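As structure tokens, the structure follows; a few thoughts come after it.
The values are calculated or read from the model by the stated rules, or taken from the named source; none is laboratory data. Since we're looking at a predicted model, the values are computed, not measured. Positions of Cβ are backbone-derived with ideal geometry, glycine not excepted, and every protein chain shown enters the neighbour counts.
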């Protein structure tokens with residue numbers, strides 16, 4: 001179907017009311033199901049459900065461009081959380097359905113594509129969680145535009161917030177403004193959530209590695225290993241490094257045998273110590289906690305900044321990101 005084949009000579013259209021006095025059903029359902037962080041829902045309510053007529057002064061440009069952009073980011077974050085929970089469920093549902101030597105010996109049925117579907121769902125989960133963090137960064141860029149040099153409205157990335165957490169916070173003077181106070185609180189949250197120690201060290205860096213390679217190069221970039229619990233159930237584990245290809249550890253007949261130590265040593269050194277299901281569940285919980293704590297700060301910031309003058313620099317930054325192309329339709 002082409003646009004030219006449809007009736008465009010219309011005088012009325014149908015859409016949801018842009019004026020809202022109560023939360024939309026999707027938000028209530030997501031909150032009740034505990035799919036989204038409580039503070040994200042609270043932010044949505046603080047923004048008056050992004051009702052057309054309730055933009056705060058610092059986002060109230062004549063075209064409501066900034067307010068509409070923020071609404072899109074926040075709704076997108078809710079949808080990303082919903083998607084992440086669906087993918088987590090799929091990862092768990094595929095557990096134990098794939099091929100294993102035990103099943104073959106016992107003559108039990110197995111699904112050859114179950115492991116493929118599990119790895120695919122894991123890949124999409126990583127992308128969804130990455131989207132959530134970048135959407136959070138976009139929200140921060142609107143409220144704190146200009147305070148983080150590498151964070152620009154319309155092209156914000158969470159990696160800029162990671163860099164912020166790696167730098168010590170220094171107040172500008174003895175008198176701290178409300179904006180500086182919120183910024184210091186946000187910095188503290190990022191440091192506490194990202195600078196982990198012990199077994200959780202570098203959790204964000206590994207997550208970023210997964211995101212970069214899985215999104216651009218696909219699931220085969222991380223070769224999983226499966227281990228049995230001794231009862232016939234096998235669990236998949238992902239590596240903690242890249243590149244890592246098992247073929248590099250092999251030797252042809254007659255070649256000098258490569259000494260890689262015991263299998264246990266190799267696995268403990270080069271693989272995470274949680275199976276794919278448990279790691280995915282823990283990762284989603286960690287991102288949820290980070291976002292919840294972050295939005296606890298942003299809720300207060302939104303109230304504090306509501307009477308500020310229009311953020312002209314943020315508006316200009318967003319306008320500079322506009323793009324449009326001449327594509328209309330493929331000919332075949």
*So which residues in the range 35-56 are in contact with a helix residue (DSSP H, G or I) (Cβ under 9 Å, 6 or more places away or on another chain) and either at positive phi or outside any loop (DSSP other than H, G, I, E, B) (or both)?*
38, 39, 40, 41, 42, 43, 44, 45, 46, 49, 50
*Could you tell me whether the range 180-193 includes any residue that is free of Cβ contacts under 8 Å to residues at least 24 places away in the same chain and either over 30 Å from residue 302 (Cα atoms) or not in a helix (DSSP H, G or I) (or both)?*
no
*asked:* Give all pairs with beta carbons closer than 6 Å in which a residue from the range 205-233 that is in contact (Cβ under 8 Å) with a residue 12 or more places away in the chain and at positive phi meets a residue that is surrounded by fewer than 16 Cβ atoms within 10 Å (Cβ to Cβ) and not in a loop (DSSP other than H, G, I, E, B); count only pairs at least 6 apart in sequence or on separate chains.
replied: 232/102
*Among the helices (runs of 4 or more DSSP H) lying completely within the range 215-332, list those that include at least 1 residues that are loosely packed, with under 13 Cβ neighbours inside 10 Å and at pLDDT below 95.*
263-270, 312-320
*Is it the case that residue 209 is under 30 Å from residue 33 (Cα atoms), under 22 Å from the mean Cα position of the chain (by Cα) and buried (at least 16 other Cβ atoms within 10 Å of the Cβ)?*
no
*Search the range 95-108 for residues that are within 19 Å of residue 275 (Cα to Cα) and pair each with any residue that is assigned to a helix (DSSP H, G or I) when their beta-carbon atoms are under 6 Å apart and the residues are at least 6 apart or on different chains.*
95/277; 97/114; 98/114; 98/115
*Would it be correct to say that residue 196 is closer than 13 Å to residue 290 by Cβ and part of a loop (DSSP other than H, G, I, E, B)?*
yes
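Pick from 96, 76, 92: which is touching a strand residue (DSSP E or B) at 6+ places or on another chain (Cβ under 8 Å) and either closer than 25 Å to residue 283 by Cα or modelled with pLDDT of 95 or more (or both)? Write out each step before concluding.
Numbers: 76 fails: touching a strand residue (DSSP E or B) at 6+ places or on another chain (Cβ under 8 Å); 92 fails: touching a strand residue (DSSP E or B) at 6+ places or on another chain (Cβ under 8 Å).
Every option except 96 fails the conditions.
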*Conditions (1) farther than 21 Å from residue 209 by Cβ; (2) surrounded by fewer than 19 Cβ atoms within 10 Å (Cβ to Cβ); (3) more than 13 Å from the chain's Cα centre (by Cα): number failed by residue 83*: (3)
_Matching residues in the range 112-134 - criterion: being more than 19 Å from residue 238 (Cβ to Cβ), touching a helix residue (DSSP H, G or I) at 6+ places or on another chain (Cβ under 9 Å) and surrounded by fewer than 23 Cβ atoms within 10 Å (Cβ to Cβ)_ = 131, 134
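Please work out if residue 310 is within 27 Å of residue 38 (Cα to Cα) and in contact with a helix residue (DSSP H, G or I) (Cβ under 7 Å, 6 or more places away or on another chain).
Judged against the criteria, residue 310 is not a match.
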*Failed condition for residue 92, given (1) outside any loop (DSSP other than H, G, I, E, B); (2) farther than 25 Å from residue 159 by Cβ; (3) touching a helix residue (DSSP H, G or I) at 6+ places or on another chain (Cβ under 9 Å); (4) free of Cβ contacts under 8 Å to residues at least 40 places away in the same chain, with all others met?*
(4)
